[in-house]
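Some notes on the structure that comes next.
Each value in this text was obtained by applying a stated rule to the coordinates, not by laboratory testing. Fair warning: this is a prediction, and the values are worked out from it, not measured in the lab. Because the Cβ atoms are built from the backbone with ideal geometry, glycine has one as well, and the counts that use them run over all protein chains shown.
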Amino acid sequence: GDSVTQMEGPVTLSEEAFLTINCTYTATGYPSLFWYVQYPGEGLQLLLKATKADDKGSNKGFEATYRKETTSFHLEKGSVQVSDSAVYFCALSDQGDYKLSFGAGTTVTVRA
Amino acid sequence: GAGVSQSPSNKVTEKGKDVELRCDPISGHTALYWYRQSLGQGLEFLIYFQGNSAPDKSGLPSDRFSAERTGGSVSTLTIQRTQQEDSAVYLCASSARGAGNTIYFGEGSWLTVV
């Protein structure tokens, strides 16, 4: 079945540091890939997505590239801020499917 | 409305009582989902609605859990005879169509069973 494996946290960084959260997936078809973010006390928000190989999703300075050859969708940001402190979830929706399969989530804390 | 709306945002209930959680999806979204987020379990899919029918109930953990959707809009998740292991955040989400479209989440209903 479909599954998502993402880097375990927690991750603690200083402001302006580079952030990478690794995500790999297993799927039978050609999935759409997503990063969702959950800020403290808030619900899940879509951060970015990519629907086909080599697509790059980007939002709020975050980027992730759909790599079919490595079945990966790693999240990156070049210079993090305290406001980026949150839990980040990698997810996939397989072609023709309607459910999201989530990774376990990675807690990121950015210190001033 | 502008987003997926859930109520109550927080609910504390005694073990053995029934609870109802409500979800109002984004206007025009035909697909509606319930997920559960609990410590140590991550995000679990519970049930999917397309219109008023539920073609996939595979994630409901037991027969104490049920959900319905009326008028292709509001959905209610009901948990009967609550147990402590039911304590979790119950997330509702909706999308424009079932497959391949972005799913938008509500802020969740935090259920605590004491």
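Counting other beta carbons within 10 Å of each residue's own, what order do B:L60, B:L39 fall into, fewest first? Working shown, then result.
On the way: B:L60 19, B:L39 8.
Sorted ascending by nearby Cβ count, the order is B:L39, B:L60.
Using the Cβ atoms and a cut-off under 15 Å, what net charge is assigned to the surroundings of B:G3, where Lys and Arg are +1 and Asp and Glu are -1? Don't skip to the end; give the middle numbers.
On the way: positive: B:R22; negative: A:E42, B:D24, B:E107.
That works out to -2.
Jot down the per residue volume, in cubic angstrom and as a whole number, of the convex hull over the alpha-carbon atoms of region B:1-57.
Values: hull volume 6.8 nm³, N = 57.
About 119 Å³ per residue, rounded to a whole number.
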**Asked** Where Lys and Arg each count +1 and Asp and Glu each count -1, what net charge lies around B:L46 among other residues with Cβ under 9 Å from its Cβ?
**Response** +1
**Request:** Compute log10 of I(q)/I(0) for chain B with the Debye formula, placing one identical point scatterer on every Cα and leaving out solvent, at q = 0.13, 0.14, 0.17 Å⁻¹, to two decimals.
**Result:** -0.43, -0.50, -0.74
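Within the set of other residues whose C-beta is less than 13 Å from the C-beta of B:A88, count the net charge using Lys and Arg as +1 and Asp and Glu as -1.
Result for the local shell: -1.
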**Asked** Assigning unit charges at the beta carbon (Lys, Arg +1; Asp, Glu -1) and nothing else, what dipole magnitude in debye, to the nearest 20, does chain A show about its Cα centre?
**Response** 100 debye
**Complete:** Expected sort for A:S101, A:S93, B:S58 with the fewest Cβ neighbours (10 Å cutoff) up front is B:S58, A:S101, A:S93
**Asked** Other chains near A:98-106: what is the mean number of their Cβ atoms within 10 Å of each residue's Cβ?
**Response** 6
**Message:** What distance in nm separates the two pseudo spin-label positions at A:S79 and B:R97, each 7 Å out from Cα along the beta-carbon direction?
**Reply:** 4.2 nm
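About the Cα centre, and with charges only on the beta carbon of Lys, Arg (+1) and Asp, Glu (-1), how big is the dipole of the protein assembly as shown? Nearest 20 debye, please. List each step's numbers first, then the result.
Values: 19 positive and 24 negative charges, 56 e Å.
The calculation lands at about 280 debye.
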**Message:** So if I take the centroid of the Cα atoms in region A:1-69 and the same for region B:1-71, what is the distance between those two points in Å?
**Reply:** 24 Å
**Request:** Could you check the simple spin-label distance between A:T28 and B:T112, using points 7 Å along Cα→Cβ, in nm with one decimal?
**Result:** 4.2 nm
**Item:** Residue order, fewest to most beta carbons within 10 Å, for A:T109, A:T65
**Value:** A:T109, A:T65
**Request:** Return the inverse of the average 1/r over all pairs of distinct C-alpha atoms in the protein assembly as shown, which is the Kirkwood hydrodynamic radius, in Å to one decimal.
**Result:** 18.0 Å
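Number of Lys-Lys pairs in chain A under 17 Å by Cα, sequence gap 8 or more or different chains? List each step's numbers first, then the result.
Values: A:K49/A:K60; A:K49/A:K68; A:K49/A:K77; A:K49/A:K99; A:K52/A:K68; A:K56/A:K68; A:K56/A:K77; A:K60/A:K77.
Eligible lysine pairs with Cα atoms under 17 Å apart amount to 8.
Over chain A, what lengths in whole Å, largest first, do the semi-axes of the equivalent ellipsoid take, defined as the square roots of 5 times the eigenvalues of the alpha-carbon gyration tensor?
Working: eigenvalues 114, 39, 27 Å².
Over the Cα atoms of chain A, the ellipsoid semi-axes are 24, 14, 12 Å.
Can you tell me the alpha carbon radius of gyration of region A:34-97 divided by the globular rule-of-thumb value 2.2 N^0.38 Å? Intermediate results must be reported in sequence, preceding the final value.
Numbers: Rg = 12.3 Å, N = 64, 2.2 N^0.38 = 10.7 Å.
Here the answer is 1.15, to two decimals.
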